[in-house]
1. Would you list which lysines come within 16 Å of Lys228, measuring only between C-alpha atoms, while excluding same-chain residues fewer than 8 positions from it?
2. For the chain, give me the percentage of DSSP beta bridges that are antiparallel, rounded to the nearest 5 percent.
3. Tell me the per residue accessible area of segment 221-290 using a 1.4 Å probe; a whole number in Å² is fine.
4. Using helices alone, I'd like the mean residue ellipticity at 222 nm for the chain: each DSSP H run of four-plus residues gives -39500 (n - 2.57), total over residue count, nearest 500.
5. Of all the accessible heavy-atom surface of segment 81-184, with the other protein chains kept in place and a 1.4 Å probe, what percent is carbon and sulfur?
6. Under a plain spin-label model, where a point goes 7 Å from the Cα along Cα-to-Cβ, how far apart in nm are Glu165 and Glu286?
7. Just round it to a whole percent: the fraction of Cα-Cα distances in segment 79-156 exceeding 18 Å.
8. When the distances between all Cα atoms of segment 125-192 are binned every 5 Å from zero, what whole-number percent does each bin get?
Amino acid sequence: MERLTFYVDPQEPNTQITVQSPFGSSQVQGGKLQVAYKQYQDYLSSYEKKLMVQQSKRADLYQAKNRDENAINQIGLEIDKIETERKKAQRNFIVNNPDNYFSLLALQEVAGYDDNVVTTEPLFFNLSSRLKQTAIGKKLEADIQLAKKLGIGQPALDFAQVTPEGKELKLSDFKGKYLLLDFWASWCGPCRAENPNLVKAYQKFKGSRFEILGVSLDKPGKKDNWMKAIEQDGLTWPQVSDLNGWQNQAAQLYGIQAIPQNYLISPEGKIVGINLKGVKLIEKLEELLK
């Protein structure tokens, strides 16, 4: 399915759309907001095209009757590489376009995954005062302050939620072990694609002072979907949720805006890793549990 994204500027609401064949060549003429969006869109277009190709390949492999996990992992590595390049490009765009509304949205996206507030905060300060005073700008500033409290070396925030069987578990119940706090959901494609990597890490390190606690952002009334995904993906570690979607209490506590996202917590309850995926998680655990 092809789509055409455009923005209507409230100050200049007259927007003209010319639909052409092929559909991707359709033209949009609008106000300053549309011009700003086109600038941002063009800047990232090469990365978006590469990502679409790889994500389509991964989706096909993931839906195959006999999954080729090695091929899925290889595509995952390629996607990670492209996304890293894309985020670098986004940072450059933010630096060079401090008053472009889409610099604000780009920073919101980058900050959602970035584990290094030292690099994120200067990008925020680089934005124009106009953008900082928007609702998104104020929330982003608050999120950056929260990220400071959840950085490497900071104490993990405790919470309690229930398992599918109704048993309450607390984060603090796992003190004495390295704990990977993993935020995911059954409806999240990238989460499901990452799950085989978590399974490998768990199989390799369980019993070596290592545990995983999955926190699902599944939605109200979707418990069956959550439990089915746990079974399908072979997730044999503890799982909890309050089934409130993005309003999950633990996700709110940790400022989660994108998933999958994880925190590696030391036996003493301090954060020692953030967003460790694939081989990076294995390498970090080998370092800590040697």
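The values are calculated or read from the model by the stated rules, or taken from the named source; none is laboratory data. Predicted model, so just to flag it, every value in this text is computed and none were measured. FYI the Cβ positions are ideal-geometry reconstructions off the backbone, even for glycines, and counts take in every protein chain you see. Remember, those area values only see protein heavy atoms, side chains included, never the ligands or the DNA or RNA. Shrake-Rupley method; radii C 1.70, N 1.55, O 1.52, S 1.80 Å.
1. Result set, ordered by chain and number: Lys219.
2. 65 percent
3. Details: 3270 Å² over 70 residues.
On a per-residue basis, segment 221-290 sits at 47 Å².
4. Using -39500 (n - 2.57) per qualifying helix, the result is -16000 deg cm²/dmol.
5. 52 percent
6. Reported label-point gap for Glu165 and Glu286 is 3.5 nm.
7. Of all Cα-Cα pairs in segment 79-156, 37 percent lie more than 18 Å apart.
8. Here the calculated profile for segment 125-192 is 3, 11, 14, 15, 16, 16, 12, 7, 4, 1.
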